[in-house]
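Below: one structure, written as structure tokens.
The values are calculated or read from the model by the stated rules, or taken from the named source; none is laboratory data. Note that the structure is predicted; figures quoted are calculated from it, not measured. Quick reminder, even Gly has a Cβ in these numbers, built from the backbone with ideal geometry, and neighbours come from all protein chains shown. What goes into the accessible areas is simple: the full protein's heavy atoms, side chains included, and nothing from ligands, DNA or RNA. Shrake-Rupley method; radii C 1.70, N 1.55, O 1.52, S 1.80 Å.
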Amino acid sequence: MSLLALRPLLVKQRVLSHALFRCSASLPTLIQHYSTSNASKQTTPSKSLSAGSDRTDVSTDVRPIGERVKENTKTASYMGVILLGVGVTGILFYVVFWELFSSDSPNNIYSEALERVKEEPRVKDALGAPIKGYGEESRRGRRTRVAHTKYVKDGVEYIRMQFHVQGFPGTVHLEKRKTESGGYEYRYLFVQLDYNPHSPIILEDNRLQQDAMRSQAGALPQPFL
């Protein structure tokens with residue numbers, strides 16, 4: 001075979017050699033690019049997962065701060081109104097309980113004095129039967145308010161009261177003083193008749209005795225401190 005016949009084969013071999021050389025030179029670059037892209041793909045999900053896990057403790061309340069403050073203020077005001085209502089209700093219960101069950105309440109003092117008046121034979125003869133008691137008349141025509149006043153004199157508490165009675169009309173006057181034991185005792189209790197006001201029916205009158213006892217107690221020498 002002549003050299004002219006071999007020349008095309010040598011040219012093809014040279015071209016193939018150059019192509020193989022170029023491929024072998026670019027192979028490390030392709031491998032490096034492929035490994036870098038795989039690493040980035042693996043890192044991205046892990047980063048997103050870690051970011052998601054980091055956001056689990058973040059508040060989901062996306063309302064404006066002003067709206068949240070307004071709602072908290074409204075809740076606090078509601079709680080204040082509820083507590084105020086509970087306090088007022090407790091005070092009302094205490095007042096009602098004291099009025100109905102305490103022996104020192106004006107209502108019970110009135111009821112006790114009225115029973116004394118009803119049971120007194122002289123009052124029955126003067127007023128007739130049945131005897132009823134009532135308080136001062138209000139603007140609406142009701143007679144449930146019993147006039148009374150409390151005062152303190154020389155460190156002792158007193159209560160003074162008057163109310164009305166009928167068959168024949170009359171007025172009951174009474175005064176009580178608080179004793180050292182905490183109870184009340186009569187200073188006086190009498191019925192003044194409307195048709196004969198200068199001749200009252202006296203049921204109790206302990207003023208002279210009590211004033212004398214107080215004077216004697218005041219005259220005793222005071223102990224040294």
Notebook entry, point to check: If each of Ala129 and Val69 carries a label point 7 Å out from its Cα toward its Cβ, how far apart are those two points in nm?
Noted result: 7.8
Checklist line | Within the accessible area of the stretch 106-218 (1.4 Å probe), percent carbon and sulfur | finding: 47
Next item on the list: Can you check what the net charge comes to around Val156, using other residues whose Cβ is under 9 Å from the Cβ of Val156 (Lys, Arg +1; Asp, Glu -1)?
Entry: +2
Note to self: Tell me the per residue accessible area of the stretch 106-218 using a 1.4 Å probe; a whole number in Å² is fine.
What the structure shows: 62
Next item on the list: Please work out the FRET efficiency for the pair Gln166 and Arg214, using the Cβ-Cβ distance as r and a Förster radius of 41 Å; give the result to the nearest 0.05.
Entry: 0.65
